[in-house]
1. Treat every Asp and Glu Cβ in the chain as -1 and every Lys and Arg Cβ as +1, leave all other atoms uncharged, and give the resulting dipole magnitude about the Cα centre to the nearest 20 debye.
2. Magnitude of the Cβ-charge dipole of the stretch 91-211, K/R +1 and D/E -1, about the Cα centre, nearest 20 debye?
3. Per residue, how many Å² of accessible area does the chain show with a 1.4 Å probe?
4. Based on Cβ point charges of +1 for Lys and Arg and -1 for Asp and Glu, what charge dipole magnitude is obtained for the stretch 170-254 about its Cα centre, in debye rounded to the nearest 20?
5. From the phi angles alone, apply the Karplus equation (6.51, -1.76, 1.60; θ = phi - 60°) to the stretch 214-227 and give each ³J(HN,Hα) in whole Hz, x where the residue is Gly or Pro.
6. Would you be so kind as to identify which of V237, G192, V22 lies farthest towards the positive end of the dipole of the chain, taking Lys and Arg as +1 and Asp and Glu as -1 on Cβ and the Cα centre as origin?
7. From the helices alone, meaning DSSP H stretches of at least four residues, give me the mean residue ellipticity at 222 nm for the chain, per-run term -39500 (n - 2.57), in deg cm²/dmol to the nearest 500.
8. Ranked highest first by average number of other Cβ atoms within 10 Å, how do 291-297, 43-49 line up?
Amino acid sequence: MLASYKNKTISAVMSVLPKHEVDFMDEMANYAFSESQMKKLKKVMGFGTRRVAKPGETVSEYAILGIRKMIDDGVFTEKEVGAIIVTTTSPDHFIPPVSNIIQGAFDFDTDTICIDISQGCCGFTVGLSYAFMTLDSLKGKKVLLVTGDMLSAKVSIYDRASRPITGDAVSISVVENTSTPNEVYCAMKNNGKSAFSVYIPAGGTKVPITPETTAMKEDEFGNKRGLNHLVMQGDLVFNFIINDTPVMMEELLQFAQEDIRNVDYFICHQSSVFTLKKLAQRLEVPQEKMPNDIVPLYGNSSSATIPVTLCQHFEEMFAEKEKLKVMFAAFGTGLSLGAALMELPKFHYCKFIDYPHQS
(Lines give C-alpha, C1' and ligand atoms only; values in the text may rest on other atoms or scores of the structure.)
Protein backbone atom coordinates (compact mmCIF):
# COMPACT_ATOMS: atom_id res chain seq x y z
CA MET A 1 0.00 0.00 0.00
CA LEU A 2 1.20 3.49 -0.89
CA ALA A 3 -0.55 6.52 0.58
CA SER A 4 -0.01 10.22 1.20
CA TYR A 5 -1.28 12.51 3.95
CA LYS A 6 -1.29 16.28 4.07
CA ASN A 7 -0.12 18.51 6.90
CA LYS A 8 0.83 15.88 9.48
CA THR A 9 3.91 15.95 11.68
CA ILE A 10 5.70 14.48 14.69
CA SER A 11 6.01 17.14 17.39
CA ALA A 12 7.66 15.33 20.33
CA VAL A 13 9.28 12.01 21.24
CA MET A 14 9.98 10.36 24.59
CA SER A 15 11.82 7.06 24.98
CA VAL A 16 11.60 5.18 28.27
CA LEU A 17 14.39 2.65 28.80
CA PRO A 18 15.00 0.18 31.63
CA LYS A 19 17.70 1.44 33.95
CA HIS A 20 18.99 -2.15 34.21
CA GLU A 21 21.88 -2.74 31.78
CA VAL A 22 23.36 -6.06 30.64
CA ASP A 23 26.77 -6.50 28.98
CA PHE A 24 27.26 -9.15 26.29
CA MET A 25 30.63 -10.19 27.71
CA ASP A 26 29.06 -10.96 31.10
CA GLU A 27 26.88 -13.67 29.53
CA MET A 28 29.69 -15.83 28.19
CA ALA A 29 28.64 -18.84 30.28
CA ASN A 30 25.20 -18.89 28.63
CA TYR A 31 26.52 -19.21 25.08
CA ALA A 32 29.36 -21.73 25.44
CA PHE A 33 31.70 -19.45 23.49
CA SER A 34 35.34 -18.88 24.37
CA GLU A 35 36.43 -15.38 25.41
CA SER A 36 38.16 -14.88 22.05
CA GLN A 37 34.98 -15.92 20.20
CA MET A 38 32.93 -13.53 22.33
CA LYS A 39 35.29 -10.63 21.53
CA LYS A 40 35.19 -11.43 17.82
CA LEU A 41 31.37 -11.56 17.82
CA LYS A 42 31.25 -8.30 19.74
CA LYS A 43 33.37 -6.61 17.07
CA VAL A 44 31.82 -8.16 13.95
CA MET A 45 28.16 -8.20 14.99
CA GLY A 46 28.16 -5.06 17.11
CA PHE A 47 27.12 -6.79 20.35
CA GLY A 48 27.53 -4.57 23.39
CA THR A 49 25.29 -3.49 26.25
CA ARG A 50 21.53 -3.51 26.22
CA ARG A 51 18.71 -2.34 28.47
CA VAL A 52 16.58 -5.12 29.95
CA ALA A 53 13.32 -4.82 31.89
CA LYS A 54 12.79 -6.54 35.20
CA PRO A 55 10.30 -9.46 35.33
CA GLY A 56 6.71 -8.24 35.50
CA GLU A 57 7.35 -4.76 34.11
CA THR A 58 4.91 -3.86 31.34
CA VAL A 59 4.50 -1.71 28.25
CA SER A 60 1.69 0.27 29.89
CA GLU A 61 3.80 1.05 32.98
CA TYR A 62 6.64 2.43 30.87
CA ALA A 63 4.22 4.38 28.67
CA ILE A 64 2.35 5.87 31.64
CA LEU A 65 5.64 7.03 33.19
CA GLY A 66 6.69 8.68 29.92
CA ILE A 67 3.31 10.31 29.24
CA ARG A 68 3.13 11.67 32.80
CA LYS A 69 6.60 13.18 32.36
CA MET A 70 5.57 14.78 29.06
CA ILE A 71 2.44 16.27 30.64
CA ASP A 72 4.47 17.57 33.60
CA ASP A 73 6.94 19.13 31.13
CA GLY A 74 4.10 20.91 29.31
CA VAL A 75 4.42 19.01 26.03
CA PHE A 76 0.64 18.55 25.85
CA THR A 77 -2.38 18.55 28.13
CA GLU A 78 -4.77 15.70 28.81
CA LYS A 79 -7.52 17.59 26.98
CA GLU A 80 -5.41 17.69 23.80
CA VAL A 81 -5.19 13.90 23.43
CA GLY A 82 -7.66 12.46 20.94
CA ALA A 83 -6.22 8.98 20.35
CA ILE A 84 -3.81 6.44 21.82
CA ILE A 85 -2.35 3.93 19.38
CA VAL A 86 -0.19 1.14 20.80
CA THR A 87 1.94 -1.21 18.70
CA THR A 88 3.48 -4.11 20.60
CA THR A 89 3.83 -7.89 20.57
CA SER A 90 4.11 -8.08 24.36
CA PRO A 91 0.83 -6.72 25.75
CA ASP A 92 0.34 -6.59 29.51
CA HIS A 93 -2.62 -9.00 29.25
CA PHE A 94 -4.75 -10.69 26.59
CA ILE A 95 -7.57 -8.47 27.92
CA PRO A 96 -7.81 -5.47 28.39
CA PRO A 97 -5.98 -3.66 25.56
CA VAL A 98 -2.85 -1.73 26.53
CA SER A 99 -4.24 1.49 25.02
CA ASN A 100 -7.26 1.32 27.33
CA ILE A 101 -5.03 0.75 30.37
CA ILE A 102 -3.05 3.87 29.43
CA GLN A 103 -6.22 5.88 28.77
CA GLY A 104 -7.59 4.91 32.19
CA ALA A 105 -4.47 6.15 33.99
CA PHE A 106 -5.17 9.77 33.02
CA ASP A 107 -8.08 12.19 32.76
CA PHE A 108 -8.32 11.71 29.01
CA ASP A 109 -11.74 12.24 27.48
CA THR A 110 -13.96 9.15 27.16
CA ASP A 111 -14.13 9.94 23.43
CA THR A 112 -10.42 9.16 23.19
CA ILE A 113 -9.80 6.54 20.48
CA CYS A 114 -7.90 3.51 21.80
CA ILE A 115 -6.25 1.14 19.31
CA ASP A 116 -3.89 -1.78 19.91
CA ILE A 117 -1.97 -3.17 16.93
CA SER A 118 -0.06 -6.46 17.14
CA GLN A 119 3.16 -5.45 15.38
CA GLY A 120 6.79 -6.03 16.27
CA CYS A 121 9.79 -4.37 14.68
CA CYS A 122 7.64 -2.73 12.00
CA GLY A 123 5.32 -1.22 14.61
CA PHE A 124 6.52 2.37 14.47
CA THR A 125 5.95 2.84 10.75
CA VAL A 126 2.65 0.93 10.81
CA GLY A 127 1.50 2.92 13.83
CA LEU A 128 2.54 6.16 12.16
CA SER A 129 0.32 5.38 9.16
CA TYR A 130 -2.61 4.66 11.47
CA ALA A 131 -1.92 7.90 13.35
CA PHE A 132 -2.00 9.93 10.13
CA MET A 133 -5.30 8.30 9.12
CA THR A 134 -6.80 8.89 12.56
CA LEU A 135 -5.79 12.56 12.61
CA ASP A 136 -8.17 13.31 9.75
CA SER A 137 -11.02 12.70 12.21
CA LEU A 138 -9.53 14.43 15.27
CA LYS A 139 -9.52 18.07 14.18
CA GLY A 140 -7.36 19.86 16.76
CA LYS A 141 -6.44 16.87 18.93
CA LYS A 142 -3.24 14.83 18.98
CA VAL A 143 -2.36 11.14 18.71
CA LEU A 144 -0.07 9.47 21.23
CA LEU A 145 1.75 6.69 19.35
CA VAL A 146 3.12 4.21 21.90
CA THR A 147 5.59 1.70 20.47
CA GLY A 148 7.72 -0.89 22.21
CA ASP A 149 8.17 -4.36 23.59
CA MET A 150 9.33 -6.33 26.61
CA LEU A 151 10.72 -9.12 24.46
CA SER A 152 13.72 -10.01 26.65
CA ALA A 153 11.33 -12.12 28.74
CA LYS A 154 10.43 -14.11 25.61
CA VAL A 155 13.97 -14.84 24.41
CA SER A 156 15.87 -17.74 25.94
CA ILE A 157 18.99 -16.78 27.88
CA TYR A 158 20.73 -19.57 25.92
CA ASP A 159 19.70 -18.24 22.49
CA ARG A 160 23.03 -17.30 20.92
CA ALA A 161 21.35 -15.70 17.89
CA SER A 162 18.71 -13.43 19.41
CA ARG A 163 19.60 -12.93 23.07
CA PRO A 164 22.75 -10.77 22.57
CA ILE A 165 20.76 -8.10 20.71
CA THR A 166 17.39 -8.14 22.48
CA GLY A 167 16.60 -5.10 24.58
CA ASP A 168 13.46 -3.50 25.99
CA ALA A 169 12.07 0.02 25.64
CA VAL A 170 8.83 1.94 25.12
CA SER A 171 8.54 5.21 23.20
CA ILE A 172 5.80 7.82 23.00
CA SER A 173 5.60 9.94 19.86
CA VAL A 174 3.19 12.86 19.60
CA VAL A 175 1.67 12.98 16.11
CA GLU A 176 -0.55 15.88 15.10
CA ASN A 177 -1.99 18.01 12.34
CA THR A 178 0.00 21.08 11.36
CA SER A 179 -0.88 24.29 9.57
CA THR A 180 2.50 24.18 7.84
CA PRO A 181 2.20 22.62 4.36
CA ASN A 182 3.77 19.17 4.68
CA GLU A 183 2.93 16.09 2.64
CA VAL A 184 3.84 12.72 4.13
CA TYR A 185 4.24 9.56 2.05
CA CYS A 186 3.81 6.08 3.53
CA ALA A 187 4.27 2.48 2.42
CA MET A 188 3.22 -0.82 3.99
CA LYS A 189 3.83 -4.34 2.69
CA ASN A 190 3.30 -7.82 4.13
CA ASN A 191 4.46 -11.35 3.30
CA GLY A 192 2.27 -13.60 5.44
CA LYS A 193 3.52 -16.72 3.63
CA SER A 194 6.70 -16.30 5.69
CA ALA A 195 4.92 -15.29 8.90
CA PHE A 196 6.48 -18.12 10.90
CA SER A 197 10.03 -16.98 10.13
CA VAL A 198 9.78 -15.20 13.49
CA TYR A 199 7.38 -16.62 16.06
CA ILE A 200 6.75 -17.85 19.58
CA PRO A 201 5.23 -21.34 19.36
CA ALA A 202 3.49 -21.44 22.76
CA GLY A 203 1.54 -18.92 24.80
CA GLY A 204 -1.50 -18.27 22.64
CA THR A 205 -4.74 -20.22 22.26
CA LYS A 206 -3.17 -22.58 19.69
CA VAL A 207 -0.56 -23.90 22.15
CA PRO A 208 -1.17 -22.81 25.76
CA ILE A 209 1.80 -22.67 28.12
CA THR A 210 2.25 -25.91 30.08
CA PRO A 211 5.18 -27.45 31.96
CA GLU A 212 6.04 -29.24 28.70
CA THR A 213 6.30 -26.00 26.70
CA THR A 214 8.79 -24.52 29.15
CA ALA A 215 11.21 -27.45 28.82
CA MET A 216 14.46 -26.41 27.14
CA LYS A 217 15.67 -28.28 24.06
CA GLU A 218 18.91 -27.70 22.16
CA ASP A 219 18.77 -27.14 18.39
CA GLU A 220 21.40 -27.99 15.78
CA PHE A 221 23.12 -24.62 16.30
CA GLY A 222 23.54 -24.99 20.06
CA ASN A 223 20.64 -22.71 21.04
CA LYS A 224 18.51 -23.90 23.96
CA ARG A 225 14.86 -22.82 23.95
CA GLY A 226 11.44 -23.76 25.21
CA LEU A 227 8.31 -23.52 23.07
CA ASN A 228 7.40 -20.31 24.89
CA HIS A 229 10.56 -18.64 23.58
CA LEU A 230 11.02 -16.63 20.39
CA VAL A 231 12.36 -18.55 17.38
CA MET A 232 13.81 -16.75 14.37
CA GLN A 233 15.04 -18.16 11.07
CA GLY A 234 17.83 -15.61 10.79
CA ASP A 235 18.85 -16.33 7.21
CA LEU A 236 15.29 -15.90 5.89
CA VAL A 237 14.75 -12.70 7.85
CA PHE A 238 18.09 -11.25 6.75
CA ASN A 239 17.34 -11.98 3.08
CA PHE A 240 13.89 -10.43 3.47
CA ILE A 241 15.40 -7.25 4.90
CA ILE A 242 18.19 -6.92 2.36
CA ASN A 243 16.15 -7.87 -0.71
CA ASP A 244 12.66 -6.51 -0.02
CA THR A 245 13.28 -3.38 2.05
CA PRO A 246 15.25 -1.48 -0.65
CA VAL A 247 12.51 -2.24 -3.19
CA MET A 248 9.85 -0.79 -0.87
CA MET A 249 11.97 2.29 -0.13
CA GLU A 250 12.59 2.89 -3.83
CA GLU A 251 8.89 2.49 -4.61
CA LEU A 252 8.08 5.07 -1.95
CA LEU A 253 10.62 7.52 -3.37
CA GLN A 254 9.10 7.11 -6.84
CA PHE A 255 5.60 7.60 -5.41
CA ALA A 256 6.76 10.81 -3.72
CA GLN A 257 8.70 11.86 -6.85
CA GLU A 258 11.77 12.29 -4.67
CA ASP A 259 15.44 11.58 -5.39
CA ILE A 260 17.18 9.37 -2.82
CA ARG A 261 20.08 11.84 -2.76
CA ASN A 262 17.76 14.49 -1.30
CA VAL A 263 16.99 12.41 1.80
CA ASP A 264 19.03 13.72 4.72
CA TYR A 265 18.60 10.68 7.01
CA PHE A 266 17.31 7.13 6.84
CA ILE A 267 16.15 6.26 10.36
CA CYS A 268 15.64 2.51 10.21
CA HIS A 269 14.62 -0.17 12.63
CA GLN A 270 17.76 -1.16 14.52
CA SER A 271 17.91 -4.91 13.96
CA SER A 272 21.72 -5.15 14.12
CA VAL A 273 24.79 -3.14 13.12
CA PHE A 274 25.70 -5.75 10.51
CA THR A 275 22.27 -5.70 8.82
CA LEU A 276 22.07 -1.91 8.64
CA LYS A 277 25.55 -1.65 7.13
CA LYS A 278 24.48 -4.10 4.42
CA LEU A 279 21.23 -2.21 3.86
CA ALA A 280 23.08 1.10 3.42
CA GLN A 281 25.42 -0.56 0.91
CA ARG A 282 22.48 -2.02 -0.99
CA LEU A 283 20.81 1.40 -1.22
CA GLU A 284 24.15 3.06 -2.03
CA VAL A 285 23.68 5.70 0.64
CA PRO A 286 26.46 6.97 2.92
CA GLN A 287 26.70 5.14 6.24
CA GLU A 288 26.46 8.44 8.12
CA LYS A 289 22.97 8.95 6.71
CA MET A 290 21.77 5.67 8.30
CA PRO A 291 22.65 5.51 12.02
CA ASN A 292 23.37 1.94 13.14
CA ASP A 293 24.74 2.28 16.68
CA ILE A 294 21.64 1.65 18.80
CA VAL A 295 21.90 -2.13 19.31
CA PRO A 296 25.39 -1.96 20.92
CA LEU A 297 24.15 0.77 23.29
CA TYR A 298 20.60 -0.23 24.16
CA GLY A 299 19.67 -3.39 22.24
CA ASN A 300 16.99 -4.11 19.67
CA SER A 301 13.78 -2.95 21.36
CA SER A 302 11.47 -3.88 18.48
CA SER A 303 9.05 -1.08 17.53
CA ALA A 304 10.78 1.40 19.85
CA THR A 305 14.11 1.46 17.99
CA ILE A 306 13.24 4.19 15.49
CA PRO A 307 12.18 6.73 18.15
CA VAL A 308 15.14 5.62 20.31
CA THR A 309 17.41 6.38 17.33
CA LEU A 310 15.78 9.80 16.99
CA CYS A 311 16.40 10.54 20.67
CA GLN A 312 20.02 9.41 20.40
CA HIS A 313 20.88 11.43 17.29
CA PHE A 314 18.41 14.32 17.33
CA GLU A 315 20.82 17.07 18.34
CA GLU A 316 23.48 16.16 15.78
CA MET A 317 20.89 15.66 13.04
CA PHE A 318 19.51 19.17 13.55
CA ALA A 319 22.78 20.88 14.43
CA GLU A 320 22.77 22.94 11.22
CA LYS A 321 19.20 22.65 9.91
CA GLU A 322 15.72 23.45 11.21
CA LYS A 323 14.08 20.94 8.87
CA LEU A 324 15.19 17.62 7.40
CA LYS A 325 13.97 15.21 4.75
CA VAL A 326 13.75 11.90 6.65
CA MET A 327 12.75 8.40 5.67
CA PHE A 328 11.70 6.01 8.42
CA ALA A 329 11.90 2.34 7.41
CA ALA A 330 11.17 -0.84 9.35
CA PHE A 331 11.00 -4.57 8.81
CA GLY A 332 9.96 -7.38 11.09
CA THR A 333 7.49 -9.97 12.28
CA GLY A 334 4.71 -10.82 9.92
CA LEU A 335 6.79 -10.57 7.81
CA SER A 336 6.04 -6.86 7.51
CA LEU A 337 7.61 -3.82 5.90
CA GLY A 338 6.79 -0.16 6.44
CA ALA A 339 8.22 3.25 5.59
CA ALA A 340 7.37 6.93 5.84
CA LEU A 341 8.97 9.83 3.97
CA MET A 342 8.45 13.28 5.42
CA GLU A 343 9.91 16.66 6.13
CA LEU A 344 10.68 16.58 9.83
CA PRO A 345 10.93 19.87 11.73
CA LYS A 346 13.33 20.48 14.60
CA PHE A 347 10.79 20.02 17.36
CA HIS A 348 11.70 21.01 20.90
CA TYR A 349 11.18 17.81 22.87
CA CYS A 350 13.11 14.61 22.16
CA LYS A 351 14.53 12.86 25.20
CA PHE A 352 15.24 9.68 27.16
CA ILE A 353 14.29 8.78 30.70
CA ASP A 354 15.14 5.66 32.70
CA TYR A 355 12.45 3.47 34.20
CA PRO A 356 13.09 3.25 37.97
CA HIS A 357 12.84 -0.44 38.81
CA GLN A 358 11.21 -1.43 42.05
CA SER A 359 13.71 -3.01 44.44
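1. Values: 35 positive and 42 negative charges, 104 e Å.
With only Lys, Arg, Asp and Glu charged at Cβ, the dipole is about 500 debye.
2. Values: 9 positive and 11 negative charges, 114 e Å.
Here the size comes out at about 540 debye.
3. Working: 16150 Å² over 359 residues.
So the chain comes to 45 Å² accessible per residue, rounded to a whole number.
4. Values: 6 positive and 10 negative charges, 78 e Å.
Roughly 380 debye for the stretch 170-254.
5. Rounded to whole hertz, the list is 8, 5, 7, 10, 8, 8, 5, 9, x, 8, 10, 9, x, 6.
6. V237
7. Values: 10 runs with 104 residues, N = 359.
Helices in the chain give a 222 nm mean residue ellipticity of -8500 deg cm²/dmol.
8. Working: 291-297: 21.0, 43-49: 16.9.
Taking the mean over residues of other Cβ atoms within 10 Å, the ranking is 291-297, 43-49.
The values are calculated or read from the model by the stated rules, or taken from the named source; none is laboratory data. Here the structure is a predicted model, which means the values were calculated and not measured. So basically every Cβ, Gly included, is an ideal-geometry build from the backbone, and we count neighbours across all protein chains shown. Accessible surface areas use protein heavy atoms only, side chains included; no ligands, DNA or RNA. Shrake-Rupley method; radii C 1.70, N 1.55, O 1.52, S 1.80 Å.
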